[in-house]
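Only one structure is covered here, and it is reproduced in the block below.
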Amino acid sequence: MTRIVLSRRHFFQLVAVILILVLAVVMFVIGRQHTVLLDNKTIEHDGKSYPAFSIVEVKINKEDSIELAARDRDKADVMGQRHKITVTYTDKFFEEHEVVKNFKVPIGYDMVLISIPALVADLGQSIWLQQFIPPTAAVAPVVEELPVEDDLGIDMGEF
Amino acid sequence: MSILKETGGQKFLGIIQNNAVPILFGIIVLIGIPLSGYSVGYLGQEIVVRIARNSFLIIALLIPIMAGMGLNFGMTLGAMAGQIGLIFMADWGIVGIPGMILAMIISTPISAFLGWMCGKILNMAKGREMVTSYIIGFFINGVYQLIVLYGMGAVIPIKNPALVLPRGYGIRNTVNLITIRKTLDNLFAIKIFGISIPIATMLVITILCIFVIWFRKTKLGQDMRAVGQDMEVARAAGIKVEHTRIVSIVISTILAGYGMIVYLQNIGTLNTYNSHMQIGMFSIAALLVGGATVNKASIGNVFLGVSLFHLMFIVSPTAGKNLIGEAQLGEYFRVFVSYGVITIALVLYEVRRRREKARGGRLLAQEQAENMEENT
Amino acid sequence: MNNLRQFIRSFGWPRIIIGLFLLSLFIIAPFVGVKVSTSLSDTIVRFGMNGVMVLAMVPMIHSGCGLNFGLPLGIIAGLLGGTLAIEYNFVGPVSFLMAIVFSTPFAILFGFGYSKLLNKVKGSEMMIATYVGFSSVAFMCIMWLLLPYKHPTMVWGYAGTGLRTTISTEGYYLHVLTNFLQFKIGKTFMFPTGMILFFALMALLMWAFLHTKRGTAMTAVGSNPVFARASGINIDKVRTLSVILSTWLGAVGILMYQQSFGFIQLYMGPFYMALPAVSAILIGGASVNKASILNVVVGTFLFQGILTMTPSVMNSMIHTDMSEVIRIIVSNGMILYALTRKSEVTR
């Protein structure tokens, strides 16, 4: 049995490499961009119907709030996993309500869909937040673009 | 006797000659500014933006100069590594400051490897490091194209269709970096006299400057200077010359990679096949305009150089248009000046090196003559 | 076995790899539907196009000035000659002759200034040569816009001033050498006799010059400057002559190129033209301070062979044109190899 001798120097190098890798993973997690789709549509769940709001104001984190009419859908780009959503709506007695929810976007999801009526009805996150995979539409063939050379750096006006 | 003595006039001439490039450039800029008709405020804002954008890249050139390896045309290698980091970052959808940091982390091992290779090759070509590093830039550009234009999307998985050419593999001509655009610059910006100053970027550059100053004083930095002075003497003193030279290039390449990321976060789009090629040339030109030479460069040269060079860059198309009615002319002019400045600086350096030798001889003769007089 | 090793060492691995690569391309070609005769014919044509420019490397290597990365300067002299010949309305074969005549004074003038500069910077000629080339190209970009050319085929139609980026040589010296004594074997093989003869003439003159007294002096300066100085040779003068010769050959070389290619490319055209010529002569076995006419012939043929064969063979094999990338890697790799040869560092 040969013992692996770890010199002090190598030990620190190893620690440094591990730290950098950890940092990379952390950056990957907190820097991941997710697209949140906000959906104000009537939703059916367990035989019950949750109607869309005629008008609702949605705010994600500290971004500008978005106004959604019935059957509207809008999107917001967010960075990282944990976010706060604030929904402001007026009920039939003209009273203003504010619902604040925290949610976490799973790391693998590029896009999630949030149903506002389900959220306000407090149906549980697994129902009002779902992964959304955009349908791949048939795209018209694009003209092949090939690298252009700018030998003299004429286009470096932005240097 | 009188022929041997160095007169005041000669000294003055020496100062002028030693700073010929910045003086010449100052004159060009002074003529150009009124011709272009830009306001001082506009020019000031542009200068601030460009100092923040380019200084990092240019500072990356300082360390090989210290080690006597001349202007590191191989900094394009680092730029390519930085761009590869950005491509992955864009593909994985990492945004903002974390995206930039991740791109830097990805670029580091690539830069380090390329820098190590470059250093190895330069050790085989002592005495013509500059032309060799220049050709290495071209050579690795071929490898870069092979990987990015043919490998990515085919061998290396790229899932974001916005990045890939319509044929299914290879990265597009331009990669949109809107997700990190100006994130560092706007992280903390303040306005002074109507000029917005990106404090965060400036802070990063300051830290780098402090690093370089500190580095000069470390054992490794001292070794590098010794190697730069005289390789054989350094070897006799027990310094590992080859190793030291490689390390200097590796550091420079890694910094160039980071510099490229800082530069592109300001620009906001990556020209996949062009951005890196000219960056070396323009950075070197800017450093030389600041009064640096092939064997001597300071942080002061960097900032003076960026300011003067970019004033010329901003002013010349408009000045050309107003003067002759052709903007194209001004654009050709600034390219000509960039190349011309490098040519003149290289020639002046060689000529000065010879004159320094002659001057040293003359001073020695003068000293000896004085000694003789004292003795009699 | 030892002999083989000796041979490999003297010839250099990169050259063997490149040679084998080209050979394999020629072997694969018929199987993927590429006609070898067409490819061979194309290779010969391109050999003729580029040969003189590669030949332009020889004098400067001989006099110890290193690889002439400043070739664009000579090319600019050639461009001036060509455009002047058209401006004064010389047509047909005469225009080619007149283009050479017009470009000669420019080549001598440029070469003279260039050599004065290079004599000031002995030891770092190559770097400075590169930048002399680049800055002269950038400078001429300005001049092409400003020079008072008037001929309607050359200037921008709407403005009436400023030269176009590409000018056709049709009706002037297009194919004057290619078609001279040209013969065909079968349908696909064409031999551009005139071009090859012209190249042979230039190569012969070069060879003869190198064997005159001045020529041997040049070689002496390159291989052993101390000895040359001791035997009373004026080193600077010899170097000046070699640079002028190199520049003039560059001018003639680009005219050869245009007469076959069909277009005069101004502005950025000459920018990177030094690199293919440099790598061609290196592939042929030359080094930074040693080159022969044979190196020129072998190198140009190998290099142009690869340039013609890779696109067609690659395209029919994998439906991708990777030739540009291969060209970049091969040519710059070759230059790197030559720059890092230890035995040749002594100047």
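Overview of results
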item: Kirkwood-based shape ratio for region B:107-192, expressed as Rg/Rh from alpha carbons; result: 1.13
item: Shielding of C:113-122 by partner chains, average beta-carbon count, 10 Å; result: 2
item: Radius of gyration and Dmax over the Cα atoms of region B:8-375, both given in Å; result: 22.3, 87
item: Karplus 3J(HN,Hα) series, Hz, for region B:303-308 with 6.51 cos²θ - 1.76 cosθ + 1.60 (x for Gly, Pro); result: 6, 4, x, 4, 4, 5
item: Helical mean residue ellipticity (222 nm; -39500 (n - 2.57) per DSSP H run of 4+; nearest 500) of chain B; result: -24500 deg cm²/dmol
item: Charge dipole magnitude, Cβ of K and R +1, D and E -1 - region C:46-271, Cα centre, debye nearest 20; result: 380 debye
item: Carbon and sulfur %, accessible surface of the protein assembly as shown computed with the full protein complex present, 1.4 Å; result: 65 percent
item: Where C meets B: accessible area buried, both sides, 1.4 Å probe, Å²; result: 3800 Å²
item: Average partner coverage of B:140-146, which counts Cβ from other chains inside 10 Å; result: 5
item: Alpha-carbon spread of region A:34-131, three principal axes, descending order, Å; result: 39, 32, 20
item: Accessible area of residue B:209 in the full protein assembly, 1.4 Å probe (Å², nearest 10); result: 10 Å²
item: Residue (of B:121, B:192, B:145) at the positive-pole extreme of region B:116-215, dipole from beta-carbon charges; result: B:145
item: Accessible-area order (highest first, 1.4 angstrom probe) of the listed residues B:131, B:48, A:29; result: A:29, B:48, B:131
item: Rounded accessible area of residue B:172 (nearest 10 Å², 1.4 Å probe); result: 60 Å²
item: Cβ crowding within 10 Å averaged over residues, with C:195-205, B:291-301 ranked highest first; result: B:291-301, C:195-205
item: Filtered chymotrypsin sites (Phe, Trp or Tyr not before Pro), region B:287-317: DSSP coil and at most 14 other beta carbons within 10 Å; result: none
item: With DNA, RNA and ligands ignored, accessible area of residue C:237 (1.4 Å probe; Å², nearest 10); result: 140 Å²
item: Cβ-Cβ FRET estimate between residue B:146 and residue C:168, R0 fixed at 41 Å, reported to 0.05; result: 0.75
item: Within region A:34-131: Cβ-based charge dipole about Cα centre, in debye rounded to nearest 20 (Lys, Arg +1; Asp, Glu -1); result: 300 debye
item: Estimated inter-spin distance, residue B:23 and residue C:185, nm [label 7 Å along Cα→Cβ]; result: 6.7 nm
item: Two-decimal ratio, the protein assembly as shown, of alpha-carbon radius of gyration to 2.2 N^0.38 Å; result: 1.10
item: Charge dipole (the protein assembly as shown, unit charges on Cβ, about Cα centre) - positive-most of C:67, A:107, A:37; result: C:67
item: Loop-located trypsin sites (Lys or Arg not before Pro) in region B:1-89 whose Cβ has at most 14 other Cβ within 10 Å (DSSP); result: B:5
item: Volume per residue of the C-alpha convex hull in chain C, rounded to whole Å³; result: 152 Å³
item: Beta bridges per DSSP with both ends in region A:34-131, % antiparallel, nearest 5; result: 85 percent
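The values are calculated or read from the model by the stated rules, or taken from the named source; none is laboratory data. This one's a predicted model, so the numbers in the text were calculated from it and none came from an experiment. Note that each Cβ is placed from the backbone with ideal geometry, even for glycine, and that neighbours are counted across all protein chains shown. Please note that ligands, DNA and RNA were not included when accessible areas were found on the heavy atoms of the full protein model with its side chains. Shrake-Rupley method; radii C 1.70, N 1.55, O 1.52, S 1.80 Å.
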